[in-house]
Structures are given as structure tokens and as C-alpha cells.
1. From 192, 167, 219, grab the single residue that is in contact with a Lys or Arg (Cβ under 8 Å, 6 or more places away or on another chain) and closer than 21 Å to residue 76 by Cα.
2. Among all residue pairs at least 6 apart or on different chains, which show Cβ distances below 7 Å where the first residue, located in segment 149-160, is open to solvent by 40 Å² or more (accessible area, probe 1.4 Å) and the second is hydroxyl-bearing (Ser, Thr, Tyr)?
3. Scan segment 48-87 for residues that are open to solvent by 10 Å² or more (accessible area, probe 1.4 Å), more than 18 Å from the chain's Cα centre (by Cα) and small (Gly, Ala, Ser) and jot them down.
4. Of everything in segment 173-194 that's open to solvent by less than 80 Å² (accessible area, probe 1.4 Å) and among the basic types (Lys, Arg), which residue is farthest from residue 145 (Cα to Cα)?
5. Quick one: residue 92 ticks every box in (1) open to solvent by less than 50 Å² (accessible area, probe 1.4 Å); (2) assigned to a helix (DSSP H, G or I) bar one, so which box is it?
6. Only one of 246, 242 is among the hydrophobic types (A, V, I, L, M, F, W, C), modelled with pLDDT of 75 or more and either surrounded by fewer than 15 Cβ atoms within 10 Å (Cβ to Cβ) or touching a Gly at 6+ places or on another chain (Cβ under 7 Å) (or both). Can you tell me which?
7. Within 27 Å of residue 193 (Cβ to Cβ), at pLDDT below 50, in contact with a helix residue (DSSP H, G or I) (Cβ under 7 Å, 6 or more places away or on another chain) and open to solvent by less than 90 Å² (accessible area, probe 1.4 Å): which single residue out of 261, 271 fits that description?
8. Tell me yes or no: at least one residue of segment 203-211 is open to solvent by 30 Å² or more (accessible area, probe 1.4 Å) and part of a loop (DSSP other than H, G, I, E, B).
Amino acid sequence: RTKGWDGGGKLVLGVMAVYGALVAFGPLLAPYDPAEVDFFNRLAAPSPSHPLGTDPLGRDVLSRLLAGFSATPLAAVAVVVFAIVFGSAAGVLAALSGGFVDRALMRLSEGLMTVPALAFALAIAGVLGIGLFTVVASLAVVHAAEYARLVRNLVIAEWRASHVFAARALGVRPVMIAWRHILPALVRPVGAVAAFSFSWAVLSFAGLSFLGLGTPPGAAEWGAMIAEARSHMRVHPHLILAPGLAIVVTVLGANLLGDWLGDRRAQPIVLFTPKLKRKEPS
């Protein structure tokens, strides 16, 4: 590794730490109640009392933008977590089972990967109804197929590696082999894909909320904020720019994190190192 890569990694991790703090404490930093309506202060220009102005209902844009950190990013995290859990489980099952189970799961994952995520979410929402759980579940199902194929290929490649074959020949327990060799080989590739999945989930969830299929009406969510302000964007462009820039910065930060993790994939991860007693020479 070079010093430049270490500096870039620290910068990316620092930005993501700040972003995580905004997700955790953003709603607490809001100067006003995000749902407070003030019809006598509709579409106010940015001012010291309202740094980003007010929306068509007189609600403070900055407060709603900060409150949106607990809606869009958390929904995207839920999509990624569900996709990783179910996709990785399917990939491990396919790799260890082989035969018909492997072929069936891989054909199913390939079929899901050909379906546009937004179209699939719209179809699921039409059947199960509009709601946050429906959107998260439909997006997670589509994206879990990518993790299933990735984990399946990584497990097969690692299981056939020479060092794993040597460990099996020496009688090392499969649980220890999985912990010592297979799991570390999955961490960085899955983490890199998860970062890109997060950015994809943010865009998808904001797009569905823009169409009215994500959060309930009136909720402080970035896609919904853009939808509410689109009829006033020519006269009050800041109403679109604020949530739009929040989405852009989120997606850009997640992509940079994914690039950094992808560049470090070749470096080994040690989850457990046994302590060896040193024998002093006599």
C-alpha cells in the first residue's frame, strides 16, 4: 500500500463517519418540527431563521432535510442488510449443495437480476399495497440475487483453494475452516458490493417516494420533498436543490467507499490468529 491510498481511505472513512452521525443525530439537530405547517410563511426565501427557506406548506426545509437522514439512508441500509443476509444464505447453500439445488438457485437469481428493480417494486406494491415494508422487501429481493451469485462463486473458489484443501487434509474442523479462511475471503468483496448497493438503494427508494410509493404522504423524505416542490422549481429552485444535493452526496460517498474497499480486496483479513507458544532454545 502507498501513503496516498491510506490518506484516501482515511478521508473516505471520515466522511462516512460524519454521514453516520447525521443519520443518527440529524433529526435532533433540526431547528424546527419537520411536520410543523405555517401557512403564513409559505415559500419563504432562505433567511437566518430559515437557512434553506420553507416549502409550499410553510415547513422548514432544513429541518425536513435533516429529518430525511432517518428515512432514505436507513431504508437503503435495510435493503442492503436484507439483501446480504438472504442472498449470502442462498449463495452458501448453492455452493455447498451443488447439483439441482445449485442450478435452481442460480437460475432463479439470474431471472431476478434481469428484472428492473423499480418495475418489480411497482408490481409488488400493486399487489401488497403501498408501504415502506413493501418497498424495502421488493428492492431487497431483487438485489439479493447479486449477493447469491457472488457468495456462491467465492465459496466454491475458496473451498477448492490449496490452503483450504491442506487444512481439510489435516483434519481441521469445517467450522474453523469457514471462520479462518472462507469468511475472511467474503468480507471485502461483499463490503464493496454493499457500498454500491447502498447508493443504488438510495436512488431507488427516492425514486419510488417521488412516485408516491415509498413513505406516507407528508413524510420528511428526500424523494417526496422533490415531488412536493416540483411545481415550484422554476421560481424556488432551492426547494429541489437541497434534497437533490443530499441524494447526490450520499450516492457519491457510497461509491467512493465501494471503490476504496474494492482496491483493498487483495489484502488479507485476519479474523482470528491462534497464539503459539514460543519454545526457548535449550
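1. 192
2. Partner pairs satisfying both residue conditions: 149/109.
3. Scanning segment 48-87 gives 49, 67.
4. Top of the filtered list is 180.
5. That leaves (1) as the condition not met.
6. Testing whether each residue is among the hydrophobic types (A, V, I, L, M, F, W, C), modelled with pLDDT of 75 or more and either surrounded by fewer than 15 Cβ atoms within 10 Å (Cβ to Cβ) or touching a Gly at 6+ places or on another chain (Cβ under 7 Å) (or both) leaves just 246.
7. It is 271.
8. Yes, segment 203-211 contains at least one residue that is open to solvent by 30 Å² or more (accessible area, probe 1.4 Å) and part of a loop (DSSP other than H, G, I, E, B).
The values are calculated or read from the model by the stated rules, or taken from the named source; none is laboratory data. As the structure is a computational prediction, the values presented were derived from the model and not from experiment. Don't worry about glycine lacking a Cβ; one is built from the backbone with ideal geometry, like all the others, and counts go over all protein chains shown. Protein only, heavy atoms only, side chains kept; ligands, DNA and RNA dropped before computing areas. Shrake-Rupley method; radii C 1.70, N 1.55, O 1.52, S 1.80 Å.
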